[in-house]
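Everything below concerns the one structure shown next.
The numbers here are math on the coordinates, done by the rules we state, and not lab data. Nothing here was measured: the structure is a model prediction, and the numbers come from that model. In this analysis, Cβ positions are derived from the backbone assuming ideal geometry, glycine residues included, and neighbour counts consider all displayed protein chains.
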Amino acid sequence: MQRSEPIILGNNALGAPVFLAPMAGITDLPFRRAVARFGAGLLVSEMVASSEMVTPRPSTRAAVRAKALTEGALPVSVQIAGCEAAAMAETARIVEGMGARIIDINMGCPAKKVTGGLSGSALMRDLDHALGLIDAVVGAVDVPVTLKMRLGWDETCLNAPELSARARDAGVAMLTVHGRTRSQFYKGQADWNAIRAVADLPNRPPLVANGDIVDADSARRAFAQSGADAVMIGRGAQGRPWVLAQIAHQLWGTPAPVIPQGDALADLVSEHYEDILDFYGPELGLRVARKHLGWYAEANGAPLRAELLRAATPEATLALIRRAFTQTDTEAAA
Ligand SMILES: Cc1cc2nc3c(=O)[nH]c(=O)nc-3n(C[C@H](O)[C@H](O)[C@H](O)COP(=O)(O)O)c2cc1C
């Protein structure tokens with residue numbers, strides 16, 4: 001497959017155009033570190049709610065997460081969400097001050113908690129309001145501002161091309177489209193063909209296609225059907241943090257990641273597990289780690305999944321990780 005010119009956002013020349021999607025509660029610093037070991041063109045942080053950032057006393061958890069937003073070796077884009085222009089502008093300034101090199105605005109999240117406050121994908125029902133937020137954020141910071149959206153609110157309101165054209169005119173540096181409507185939530189299949197209407201816009205910024213891309217074959221089809229310049233991977237990287245580098249290698253011959261198997265996989269999972277405990281502390285860490293352990297077990301065909309999820313202490317968990325993951329053969333499971 002022909003690789004297009006590298007995408008440049010401000011001072012950031014992005015690597016191979018396979019990006020990690022923002023996932024609240026998942027793409028935290030430990031997970032981004034696990035992905036970064038293998039490589040990715042861009043990592044997007046968890047979403048930061050503007051209401052959380054502009055309060056005088058953010059919760060401890062929010063503060064810990066915020067502190068870690070911009071850490072790491074690879075370029076990290078920090079995603080912000082909200083429904084009020086002044087708070088979004090202020091949040092953008094705060095995260096820029098923390099070192100964000102790119103700021104992404106969330107207009108794709110379908111969660112009622114988010115859309116109820118008229119943010120996330122609900123903004124696609126009111127493009128004038130959405131543009132007010134975009135203008136405020138673009139005007140507030142020097143770093144490039146990007147935008148992530150869905151195809152529209154529902155099948156009667158497929159306005160991603162209109163939002164994209166207006167965002168382009170407002171100075172947005174890159175667009176990401178998840179090929180579903182808000183009313184689909186995560187049901188059905190992402191429609192990469194429908195993203196083409198955005199790809200066909202004249203003078204548009206770089207475009208990223210997202211939704212249900214999990215391997216080189218689906219990435220190839222998503223590129224061909226959408227006409228996008230990059231792909232973004234979310235759930236497909238759970239339990240397989242090497243998948244972005246693997247796709248880039250299979251599509252364009254970038255250096256092949258060494259996909260860990262047996263003892264090496266047990267090492268990777270143990271290190272990710274310990275990183276989670278260090279980052280969140282033992283109590284919250286145990287809970288956060290469980291979902292990642294489940295995904296590692298599922299994606300790599302490891303036994304002892306139920307035992308791993310039940311283990312009550314770090315020592316017991318680490319011993320089980322060693323037993324479970326030394327028995328895997330990732331290539332066979334892939
Ligand atoms: C648990 C979870 C949390 C998510 N959080 C966010 C978020 O904070 N911001 C956002 O723009 N999208 C969020 N998404 C959507 C993903 O970025 C992505 O658009 C979607 O999962 C489709 O891509 P995939 O099929 O590769 O997972 C989330 C998805 C999941 C499953």
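Counted by Cβ distance under 14 Å from Val141, the other residues give a net charge of -3, where Lys and Arg count +1 and Asp and Glu count -1. For the stretch 263-333, a crude dipole built from +1 on the beta carbon of Lys and Arg and -1 on the beta carbon of Asp and Glu, taken about the Cα centre, is about 380 debye to the nearest 20. In the stretch 263-333, with Lys and Arg counted as +1 and Asp and Glu as -1 at Cβ, which of these residues, Thr326, Leu284, Val269, has the Cα nearest the positive end of the dipole, that is, farthest along it? Of Thr326, Leu284, Val269, it is Leu284.
Relative to the longest principal axis of the Cα atoms of the chain, the long axis of helix 243-252 lies at roughly 70 degrees. Output the antiparallel fraction of DSSP beta bridges having both residues in the chain, as a percent to the nearest 5. Of those bridges, close to 5 percent are antiparallel. Between 0 and 90 degrees, rounded to the nearest ten: what's the tilt of helix 314-325 against the longest Cα principal axis of the chain? With rounding to tens, the tilt is 90 degrees. If the elastic network links every pair of Cα atoms under 10 Å, which of Pro17, Pro144, Pro257 fluctuates the most in the Gaussian network model of the chain? It is Pro257.
The Kirkwood hydrodynamic radius of the chain, based on inverse pair distances between different Cα atoms, is 20.2 Å. For the chain, set up a Gaussian network in which alpha carbons nearer than 10 Å are linked by springs, and say which option among Leu268, Leu163, Leu123 fluctuates the most. Among Leu268, Leu163, Leu123, the largest GNM mean-square fluctuation belongs to Leu268. Between 0 and 90 degrees, the angle of helix 85-97 with respect to the longest Cα principal axis of the chain falls at about 50 degrees. If R0 is 45 Å, what FRET efficiency do you get for Lys187 and Asp278 from their C-beta distance, rounded to 0.05? It comes to 0.80.
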